[in-house]
1. Using a Debye calculation, one point per C-alpha and no hydration shell, please list log10 I(q)/I(0) for the chain at q = 0.14, 0.15, 0.16, 0.25 Å⁻¹ in order.
2. Helix-derived [θ] at 222 nm for the chain: sum -39500 (n - 2.57) over DSSP H runs of at least 4, divide by residue count, nearest 500?
3. Once you charge only the Cβ atoms, +1 for Lys and Arg and -1 for Asp and Glu, what is the size of the charge dipole of the chain about its Cα centre, to the nearest 20 debye?
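Please treat every number below as a calculation from the coordinates, not as lab data. Predicted model only: the values in this text are computed from it and were never measured. Neighbour counts run over all protein chains shown; Cβ positions are idealised from the backbone, glycine included.
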Amino acid sequence: MRLSEERIKYISDMILETLLNEEHIDLEIDEDRFQFILENRFIEILKIEDEIDEEAAAWMHTNKPYMDDGSNEFLVEIEKIKKDLAASKGYVLY
């Protein structure tokens, strides 16, 4: 995963604090519960992105083994594959 659990917790703390301080939300659930939900959603999203990365790398090595990892051609092609895989899963990469 790209972020540690501590980093995910920190980011979700900052999001929750900002939302509450700027009165963008009025929670009907406990703040700790909301933060737990937010952290788990982050983890879920990061796992999906990790799966997409792994599947794209495997596809590239199987179908285009002649491309050097890290070359411009490889990077352009793998980004296309990632977008296609994401779309097939109903996910949008940012």
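1. Values returned for q = 0.14, 0.15, 0.16, 0.25 Å⁻¹ are -0.66, -0.71, -0.76, -1.18.
2. Dividing the helical sum by the residues of the chain leaves -25000 deg cm²/dmol.
3. 500
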